[in-house]
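Taken together, the values in this text are just the output of simple stated rules run on the coordinates, not laboratory data. Remember, predicted model here, so these are calculated numbers, not experimental data. Neighbour counts are summed over all protein chains in view; Cβ atoms, including those assigned to glycine, are modelled from backbone coordinates with ideal geometry.
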Amino acid sequence: MFEPSDRPRVFALAPGVDFPAALVEGLRARMAGQPPEAMARVELIVNTTRMARRIRQIFDEGPATLMPRMRMLGNVADPISLSHLPPPVSPLRRRLELTGLVSKLLDAQPDLAPRTALFDLADSLATLMDEMQDEGVFPDDIAALDVSDESGHWQRALTFFNIVQQYFGDTPEAPDVNAFRRLALEQRLRDWEEQPPEHPVILAGSTGSRGMTNRLMQAVSKLPQGALVLPGFDFDTPQAVWDGLTDALSGEDHPQFRFARLMHDLGFTADTLPRWSDTPEPNPGRNRLVSLALRPAPVTDQWRDEGPKLPDLVAATDDLTLLEAPTQRDEATAIAMRLRKAAEEGVTAALITPDRMLTRQVTAALDRWNILPDDSAGTPLQLTPPGRFLRHVASLFQQDLSAEALLTLLKHPLTHSGHDRGAHLRATRELELHIRDKSWPYPQPEKLREWGNANEMGAWADWVADCFCQPPVPGTRSLSDWLDTHVARAESIATGPEGTDSELWKERAGRKTRAVVEGLQAEAGFGTDLDARDYADLFNAVLSREELRDRDAPHPKILIWGTLEARVMGADLLILGGLNEGSWPELPGADPWLNRRMRHKAGLLVPERRIGLAAHDFQQAVAAPEVWLTRALKSDDAETVPSRWVNRLMNLMNGLPGQNGPQALRAMQTRGADWLGLVRALETPEPSPPATRPSPAPPVEARPRSLSVTEIKTLIRDPFHIYAKRVLRLRQLNPLQRAPDALLRGTLIHEVLEQFVKESVSDPARLEVSELMRMAGEILGDPAIVPYPTTRHLWTSRIGRVAEWFVETERARQAIAHPTHFEQMGYGEIPALGFTLRGKADRIDIDERGNAHLYDYKTGNAPSAKEQRHFDKQLLLEAAMVERGAFRELQPRHTERAVFVALGSTPKEVPAPLDEVPAAQVWAEFETLITRWFERDRGYTARAALLKEKDVSDYDHLARFGEWDVIDPADREELE
């Protein structure tokens, strides 16, 4: 294939060239005239499986020929030679071993790092070990670094390096995957030195960014029939710039740095590097523009010298669109609309971005048109239904079962999937309503069984109690025990009480998850003892490292690629999305072990390597025939910074008016703005008039015939609330995980005061502050009633602040009258209307003359006398009910007084104004009020007279408050 040469053989292809197509074209041209079997002797080494598939596809399209032998970059060793090497251990085993070593180290020296960093440290250490194996760096090399400042951080880092010493060099430990590849490569290179292959060996598509890859590339280029084919080589960069790209600390972030280092090592210069094929780049002018824009920062003064030599930039950027969207949602929608158009036209289009959130948003937007893109990354296994299910089950071992955790699992589609899931969902619905109604923040097994027996769901409730209501697992256990317990509990929950099989391990997601779990079980013996939280973190970390390709058949021409897959090219339209700093390129993460200068001295890769690789991927992709560059101006309500490459491109174009740079840039932005206009049109809702202030007037026979005394205030202030609650019979659901709110606090404090007063009546010696606090401790201190330690303390302290005042005033109250009735229910009738007023008196005392003294406890502030006269008529109505005989167990027919006992920040007694509004007058006014509400044209107006404009009603959303204001007139509507 190649003429004999004493120099390394290196070829290249320019950015924008369809690399697999040009590679095959050049290969066929060189094999022309040779017998068919000659192609089969060619050994082709590529860097990704997608590249290999694309090459096979091009060969399959014809003409008919034998295929070359294709190998992956990580699998070039001779199988016979590999038989002499010890088999590698899995990456999972090595990480489990490192987790155990780090755990023991942290146990012995807790000051090294917090325990919560266990898995992050182990994973980061494993990643560093992989890089050290790739670059041929050993722990001794790092320990020998000249560190003038022996800081505590460096000493801690060395402590961690010492525990991994056993995995390097001559060691009885089995090698990990990267170490095995290094050994295999070294063996392959020795074999080539002793007996170089005579058949063609071509390594194509790699940039040589890793140490092992660079060594292989150099060896292949020196074989008798070996050659390299470099992708995206910038033929427009002057030799002076190439000569300056030698120092990793200053040039690693340049897209052509790896090629400059390779040419330096092989003795090449850019002007002597031949092209692999004659395939021209789609737009040479754009390539020159991008090449100049991406020059290293110290030599950007060359913009002034070389910029005027560029061709007309309007033509160079004619197929380049710059879309700067206001938000990430607008960016994703615009991309989705362009992909939809490509699908309609039959054009192959690919979105290229490292931003996985953007790809998910685009996928969701495409679902509007039933388009499923072919996503090269797939879905993280932890986000699949089996992954989420197993993570929820793992969390059950860590803490007491909460209502939220219980309902989350009961509603999961894999729960109870082995038998009669419909009955399970009905039972789950009934249980949820009961939990919300009873406010069970932490459901107890005995209560669940009691509920199940009462509702003929005993077997199902027993299953829930047995599977879910288990106490947290204390202490540490081995990883094998954790896995066995975890899988058994998950299968029990997934199967149900009567099922024999479940959907947990079925479908592609289930089978992939089971394979991961079985792999973890096989390696569990190499793990360490863990507590429940550490086990859950480890399990989640293992799942997060795996991905599942979408099970449904994706669209063949709508693609989503990562930046590495972009090298395969082959798409008619490339959309480079998420071009903001921190997204593309991603900023280097913090290295807990070595700073960049120490990494460079040790022979490791500096953090800017990722930026340089991303820059090279950008330079290749932006040279495609048609390209979109997209970014969002805001992310999470914060201004974004454009990617450095986009920023340079815009600055360079704005500075070249002679080449129509500003006009070309405006044209690029205009094309993007046109699509954003389509996005706004798509997202603009249909106009609809705002709702008016509702005042429904239902038929008289549908109006409520019974209300409580506390609802009368609501009837006056917000009639719509009564309409929604009593006419429509809509009730607000309690939150699933009910917070310790004012209602619960008031209920419990009422109970404390009631029990205290009862005991003080039977034994006057107990009318002491100490007895009141003891009672508060018994009731509020019960975890089954108030399962929040902080809340128990705060509420008990709240009673403590008013205890002395309450006891002192209680002595005065008992001196006036004798506490007789507590929580007494009464019913006042209006026979002419068929209406009943219900009222529950907190406490009724009887004095020596047989008169009643009403008391109502308020944990906050009590209504003033003026408020009681006009709105809050609770106590006044209860007084009137006493005099009308509504409390049937009471003999008195007169209310001497009615008092609110307010226990707010300033405790005090607030009497009802019975002297101003006698009980008879109260009842007469009440009858008039209710009579008016039975008039046909009387409407239940929303927020008629609320105390404050900011007061919230439970039914504001139903009244569509916000579309109207409190100054708007009510729109009365007679209902039938």
Query raised in the report: Can you give the extra length, in nm with one decimal, that the chain gains between Ala29 and Asp374 once fully stretched, where that is 0.36 nm per residue apart less the Cα-Cα distance?
Result: 120.9 nm
Query - Glu935-Arg893 FRET efficiency (beta carbon distance; Förster radius 41 Å; 0.05 resolution) - result: 0.80
Report summary line: One finds the C-alpha centres of the stretch 684-720 and the stretch 324-353 to be spaced, in Å, by 47
Query raised in the report: Taking only DSSP H segments of four or more residues, each worth -39500 (n - 2.57), what value at 222 nm results for the chain once the sum is divided by all its residues, to the nearest 500 deg cm²/dmol?
Result: -14000 deg cm²/dmol
Report task. Once you have the Cα-Cα distance between Ile967 and Thr159, take 0.36 nm times their residue separation minus that, and quote the gain in nm to one decimal. Result -> 283.7 nm
**Report entry** Calculated Rg and Dmax of the stretch 697-959 using C-alpha coordinates, Å
**Finding:** 19.6, 59
Query - Computed label-point distance, nm, for sites Gln521 and Asn453 using a 7 Å Cα→Cβ extension - result: 3.7
Report summary line: Taking alpha-carbon centroids only, the stretch 875-926 lies from the stretch 761-780 a number of Å equal to 27
Query - Taking His254, His870 and counting other C-beta atoms within 10 Å, the order from fewest to most - result: His870, His254
Report task. Multiply the residue gap between Glu909 and Leu958 by 0.36 nm, knock off their C-alpha separation, and tell me the result in nm, one decimal place. Result -> 13.9 nm
Report task. Give the percent of DSSP beta bridges with both residues in the chain that are antiparallel, rounded to the nearest 5. Result -> 35
Report summary line: Quick calc: nm separation of the 7 Å Cα→Cβ label points for Thr348 and Ala681 -> 3.1
Query - Violating pairs (Cα-Cα greater than 25 angstrom) within the set Lys438/Lys908; Lys438/Lys950; Lys506/Lys557; Lys758/Lys866; Lys438/Lys948; Lys411/Lys438 - result: Lys438/Lys908; Lys438/Lys950; Lys506/Lys557; Lys758/Lys866; Lys438/Lys948
Report task. At 7 Å along the Cα-to-beta-carbon direction for both Ser544 and Glu198, put a label point, then send me their distance in nm to one decimal. Result -> 5.5
Query raised in the report: Once Lys and Arg get +1 and Asp and Glu get -1 on their Cβ, which of Gln824, Gly834, Asn851 lies farthest toward the positive end of the dipole of the stretch 805-942?
Result: Gly834
Query - the stretch 797-846 and the stretch 847-868: distance between their alpha carbon centers, rounded to Å - result: 7
Query raised in the report: Looking at the square roots a ≥ b ≥ c of the eigenvalues of the Cα gyration tensor of the stretch 861-970, which shape do they give, rounded for a/c under 1.5, prolate if a/b is larger than b/c, or oblate?
Result: oblate
Requested in this report: Provide Trp242, Trp805 in ascending order of the number of other Cβ atoms located within 10 Å of each residue's Cβ, fewest first.
Outcome: Trp805, Trp242
**Report entry** Nearest-0.05 FRET efficiency for His84 and Asp572, computed from C-beta distance (R0 41 Å)
**Finding:** 0.25
Requested in this report: Quick one: go through the stretch 583-612 and flag any residue whose amide nitrogen is under 14 Å from the point 7 Å out along the Cα-to-Cβ line of Asp141.
Outcome: 598-606
Query raised in the report: Once percent of Cα pairs over 37 Å apart is worked out from the coordinates, which option in (i) 66; (ii) 57; (iii) 51 does it equal?
Result: (i)
Query raised in the report: For the pair Thr485 and Tyr442, what calculated FRET efficiency results from E = 1/(1 + (r/R0)^6), where r is the Cβ-Cβ distance and R0 = 22 Å, to the nearest 0.05?
Result: 0.55
Report task. Fewest Cβ neighbours within 10 Å first, please rank Ile575, Ile846 accordingly. Result -> Ile846, Ile575
